[in-house]
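Notes follow the structure.
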Amino acid sequence: MIQVTLPDGSKREYQDGASPLDVAESISKSLAKKALAAKVDGQMWDLVRPLEGDASVAIITERDAEGLELIRHDAAHVLAQAVQELYPDAQVTIGPVIDDGFYYDFARKEPFSTDDFDRIEAKMREIVDADYPIQREVWDKDAAIAEFKRIGEDYKAQIIDDIIPPGEAITVYKQGNWFDLCRGPHLPSTGKLPKAFKLMKLAGAYWRGDHRNEMLQRMYGTAWASEKDLKEHLTRLEEAEKRDHRKLGAQLDLFHLDGMAAAGSVFWHPNGFQVWRQIEAYMRRRLDTSGYEEIKTPQLMDSVQWEKSGHWGKYRENMFIVPDFIPEGDEGVEISVPENAKLMALKPMNCPAHVEVFKSGQKSYRDLPLRLAEFGCCHRNEPHGAIHGIMRVRQFTQDDAHIFCREDQIVEESIQFCRLLESVYRDFGFEKIAVKLSTRPDVRAGDDATWDRAENGLKAAVDAAGLPCELLPGEGAFYGPKLEFQLTDAIGRVWQCGTLQLDYVLPERLGAEYIASDGSKQRPVMLHRAILGSMERFIGILIEEFAGAFPIWLAPVQVVVAAISDDAAGAYAEEVAAELRRTGLRVEVDRRNETINYKVREHSLQKVPVIAVVGAREAEERKLALRRLGSNGQQVITLDEALVSLTVEALPPDLKRARGS
RNA sequence: GCCGGCUUAGCUCAGCUGGUAGAGCAUCUGAUUUGUAAUCAGAGGGUCACGGGUUCGAGUCCUGUAGCCGGCACCA
């Protein structure tokens, strides 16, 4: 007999060899029917796999997070089986569970097409209907390799060979006459898989994630416990697509991109640049009140400078190189660069230039910490496949700053930075911030004591700002640990925005030093830091976050004064707009010969926060009928009242705080 | 950079098995002067991404290039 402890703490006895399914059946028929797998002493366990002694057992159903994971994992297996039945020349590789679904990587000469999806999904349903029992088997490693090789599954054989330690057994799961290497667990049979799955997209992916390896074909799918969940997920995707910053950028006339004219660079239109200006002005105020000094450094610097900084060697392939010469000849004559022409490069980052500013003149310990900030326009020749809307571009402007300080000032500076960053993100409406702390890599500069201090300092800083933090061991740069602050776009892609990096190396390379209190020359430590990351990326994320409906302080146009008819209220509309503009509001007038319905609709679609409708009545009484975006009520107030309330309402968050309101 | 897909009017798209381009919105013009999410009518607008080829004939077929999209790799 074995004793089983249930999640509620109660204990029951079973025959030796009893499985979690027996346990479920003894509790209730419906639980046995809903059961997908079990957790045995905290470990995932197949439903029909016999228990190996006394244990605590929890039955997993589709309601549990683990249940959904099982469903997705099984969906991946069923997909693989379906594909191999339809396309015997396809080899299987791996098929893990991911957010919202799963994927499976296949090796096959012939490319798959999304047109194949219907067929494959139909086959998957057939496999579910067939209700094959899914059976766990334990195989000897060498025998498994031989068997997978025999059936032509070279990738599987390689996985087993590489991943499983010699002598260790592996588990194989069989469903029908198909089987796969798998740690498990799985559902008891394919019939338990809800048919709420759908193949989503095809993509290329390198074997084992290494670009030197061959490319496999990855099929992405989504799978859910019910049709309803699936449908909701698809609806969410559709909604997210509408928030795509590229789509909204065009609709709201914020910017455009032209891959022919300037691949990976943004043409900002008046509306989009107005948002930019507001953000930049806000950041300037925050920096000015946080002890930073703003500078402006050259766009082009001589290659010698980049050699000194070390970028010329390793980073060169990402830099735009500009030969320093005057081309000869007329139009039509091919330009040839003289062999002796000096080379310059557009800056891919601002740090070397900031060190130059630090180095000009003598610096004393009294000058530290010196915080040099720049809205620095950088160019990086990114791999073409990496460019994405305005999130990943080749020309971008960082809200960059470098803090030069003594080592004993690192912690305090880091704490101040994290607090500032947290407050800035909050002002933009971001509450959830993902923070990653990347610690010392295997190959690194500096001694362990220094790394200890640096890493602990960063951790203390994150804690002081009250931010949760995830560790990425070994992911730091060779010159120091770093903090990365990440925000998520509309469809769940994560983008790095803020960063804080400790650097002992660059000041050394470029020979930065200050005079210490004892008169000796000392090396400053350098903190690379950005809050928004890049203006482009941050605005892209803001667009998606707000679905284009910016808060009023950021909105390109804050108020539209719409006249019901030009004859009755056109002149008054102009007067109102002039008054509002005098207070600093960004106002447009709509006197067009259109119905008020049309105007309200159009400005609503343009996400203007406030529409001030004026007709004969308002003109007569010197009032405004205000309509807020997202509500269809009206607020009729006097022009004088509106001047006060709108001005306050449109204040940026930092200025609102400063007013103490 | 790699794999796959896509590229037709300013935008969103249609164009069957090859027979010399079409809709809606937008724009312009005219009428209408309007009370909170589309007033009516008319007009203009395209080297069908670019280059080569097959064909009597190519938006449609083949091929090269570029860009974009989805992933992968990259993001020191």
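The values are calculated or read from the model by the stated rules, or taken from the named source; none is laboratory data. This structure is a prediction, so every number in the text was calculated from the model and none was measured. Cβ atoms come from the backbone with ideal geometry, glycine included; neighbour counts cover every protein chain shown. The accessibility values were calculated without ligands, DNA or RNA, using every heavy atom of the protein model including side chains. Shrake-Rupley method; radii C 1.70, N 1.55, O 1.52, S 1.80 Å.
Out of all the residues in the stretch A:593-611, is one or more in contact with a Ser or Thr (Cβ under 8 Å, 6 or more places away or on another chain), open to solvent by 50 Å² or more (accessible area, probe 1.4 Å) and on the phi > 0 side of the Ramachandran plot? Steps first, please.
Residues of the stretch A:593-611 in contact with a Ser or Thr (Cβ under 8 Å, 6 or more places away or on another chain): A:611.
Imposing the further condition that a residue be open to solvent by 50 Å² or more (accessible area, probe 1.4 Å) reduces the set to none.
No: zero hits.
Within the group A:L472, A:L467, A:L437, A:L458, which residue is buried (at least 18 other Cβ atoms within 10 Å of the Cβ) and in contact with a Ser or Thr (Cβ under 9 Å, 6 or more places away or on another chain)?
On the way: A:L472 fails: buried (at least 18 other Cβ atoms within 10 Å of the Cβ); A:L467 fails: in contact with a Ser or Thr (Cβ under 9 Å, 6 or more places away or on another chain); A:L437 fails: in contact with a Ser or Thr (Cβ under 9 Å, 6 or more places away or on another chain).
Among A:L472, A:L467, A:L437, A:L458, only A:L458 is buried (at least 18 other Cβ atoms within 10 Å of the Cβ) and in contact with a Ser or Thr (Cβ under 9 Å, 6 or more places away or on another chain).
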Unmet criterion (only one of (1) open to solvent by 20 Å² or more (accessible area, probe 1.4 Å); (2) at pLDDT below 95; (3) not basic (K, R)) for A:H233: (1)
Give the residue that is nearest to RNA strand B (Cβ to nearest atom), with candidates limited to residues of the stretch A:576-591 that are in contact with a strand residue (DSSP E or B) (Cβ under 9 Å, 6 or more places away or on another chain) and free of Cβ contacts under 8 Å to residues at least 24 places away in the same chain. A:A577
Suppose the filter is of a type in the set (A, V, I, L, M, F, W, C), part of a helix (DSSP H, G or I) and surrounded by fewer than 18 Cβ atoms within 10 Å (Cβ to Cβ); does A:A578 pass it? yes
Tell me which of these A:V4 doesn't satisfy, since it passes every other one: (1) open to solvent by less than 10 Å² (accessible area, probe 1.4 Å); (2) closer than 23 Å to A:E137 by Cα. (2)
State which residue is surrounded by the most Cβ atoms within 10 Å (Cβ to Cβ) when the search covers only the stretch A:623-647 and only residues that are touching a residue at least 24 places away in the same chain (Cβ under 8 Å) and over 26 Å from A:L542 (Cβ atoms). A:L624
With respect to A:L187, determine if the residue is open to solvent by less than 10 Å² (accessible area, probe 1.4 Å) and within 16 Å of RNA strand B (Cβ to nearest atom). no
Return the residue satisfying two criteria in turn: it lies in the stretch A:199-224 and is within 19 Å of A:G95 (Cβ to Cβ) and not in a strand (DSSP E or B), and of such residues it is farthest from RNA strand B (Cβ to nearest atom). A:W224
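For residues that are aromatic (F, W, Y) and more than 19 Å from A:H73 (Cβ to Cβ), scanning just the stretch A:85-114, find the one that is nearest to RNA strand B (Cβ to nearest atom).
Just the residues of the stretch A:85-114 that are aromatic (F, W, Y), to begin with: A:87, A:102-104, A:106, A:112.
Of the ones still in play, those that are also more than 19 Å from A:H73 (Cβ to Cβ) are A:87, A:112.
Values: A:Y87: 15, A:F112: 8 Å.
If we take residues in the stretch A:85-114 being aromatic (F, W, Y) and more than 19 Å from A:H73 (Cβ to Cβ), then A:F112 is nearest to RNA strand B (Cβ to nearest atom).
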Conditions (1) in contact (Cβ under 8 Å) with a residue 24 or more places away in the chain; (2) part of a helix (DSSP H, G or I) -> A:E232 fails only (1)
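Considering only residues that are assigned to a loop (DSSP other than H, G, I, E, B) and within 8 Å of RNA strand B (Cβ to nearest atom), which ones fall in the stretch A:599-632? Spell out how you get there, then give the answer.
Narrowing the stretch A:599-632 to residues assigned to a loop (DSSP other than H, G, I, E, B): A:606-609, A:615, A:622, A:629-632.
Correct list: A:G615, A:L629, A:G630, A:N632.
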Index of the failed condition, A:D590 passing every other in (1) touching a helix residue (DSSP H, G or I) at 6+ places or on another chain (Cβ under 7 Å); (2) buried (at least 19 other Cβ atoms within 10 Å of the Cβ); (3) over 26 Å from A:D253 (Cα atoms): (3)
On the basis of being within 14 Å of RNA strand B (Cβ to nearest atom), basic (K, R) and open to solvent by 50 Å² or more (accessible area, probe 1.4 Å), does A:R453 make the cut? no
Per-region count, the stretch A:387-424, residues open to solvent by less than 30 Å² (accessible area, probe 1.4 Å), of a type in the set (D, E, K, R), touching a Gly at 6+ places or on another chain (Cβ under 8 Å) and away from RNA strand B (no atom under 12 Å from the Cβ): 1
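Applying the selection to the stretch A:290-309, what residues are more than 16 Å from A:A530 (Cα to Cα) and in contact (Cβ under 8 Å) with a residue 40 or more places away in the chain? Break it down into steps so the answer makes sense when it comes.
Here is the first cut: in the stretch A:290-309, the ones more than 16 Å from A:A530 (Cα to Cα) are A:297-309.
A:T297, A:P298, A:Q299, A:L300, A:M301, A:D302, A:S303, A:Q305, A:W306, A:K308, A:S309 - these are the residues of the stretch A:290-309 that are more than 16 Å from A:A530 (Cα to Cα) and in contact (Cβ under 8 Å) with a residue 40 or more places away in the chain.
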Among (1) open to solvent by 80 Å² or more (accessible area, probe 1.4 Å); (2) farther than 20 Å from A:T190 by Cβ; (3) away from RNA strand B (no atom under 16 Å from the Cβ), the one test that A:Q135 misses: (2)
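Counting only residues that are farther than 30 Å from A:Y282 by Cβ and away from RNA strand B (no atom under 16 Å from the Cβ), which one in the stretch A:364-386 is most open to solvent (accessible area, probe 1.4 Å)? Before the answer, list the steps.
Residues of the stretch A:364-386 that are farther than 30 Å from A:Y282 by Cβ, as a first pass: A:364-366, A:381, A:383-385.
Subset that is away from RNA strand B (no atom under 16 Å from the Cβ): A:364-366.
Values: A:S364: 31, A:Y365: 68, A:R366: 182 Å².
Looking at the filtered set, the residue picked out is A:R366.
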Would you point out the residue of the stretch A:89-128, among those that are open to solvent by less than 50 Å² (accessible area, probe 1.4 Å) and of a type in the set (S, T, Y), that is nearest to the chain's Cα centre (by Cα)? A:Y103
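Those residues that are under 23 Å from the mean Cα position of the chain (by Cα) and either among the aromatic types (F, W, Y) or open to solvent by less than 20 Å² (accessible area, probe 1.4 Å) (or both), I need them from the stretch A:274-297; list them, please. Reasoning before the result, please.
Looking only at the stretch A:274-297, we keep the residues that are under 23 Å from the mean Cα position of the chain (by Cα), and these are A:275-276, A:279-280, A:283.
Hits for the stretch A:274-297 are A:V275, A:W276, A:I279, A:M283.
Anything in the stretch A:375-388 that is in contact with a strand residue (DSSP E or B) (Cβ under 7 Å, 6 or more places away or on another chain) and in contact (Cβ under 8 Å) with a residue 24 or more places away in the chain? List them, or say none.
Of all residues in the stretch A:375-388, those in contact with a strand residue (DSSP E or B) (Cβ under 7 Å, 6 or more places away or on another chain) come to A:375-379, A:382, A:386.
Listed by number, the residues that qualify are A:F375, A:G376, A:C377, A:C378, A:H379, A:E382.
Could you tell me whether A:A650 is surrounded by 13 or more Cβ atoms within 10 Å (Cβ to Cβ), farther than 25 Å from A:W276 by Cα and in contact (Cβ under 8 Å) with a residue 12 or more places away in the chain? Give the derivation first.
Details: surrounded by 13 or more Cβ atoms within 10 Å (Cβ to Cβ): yes; farther than 25 Å from A:W276 by Cα: no; in contact (Cβ under 8 Å) with a residue 12 or more places away in the chain: yes.
No, not satisfied.
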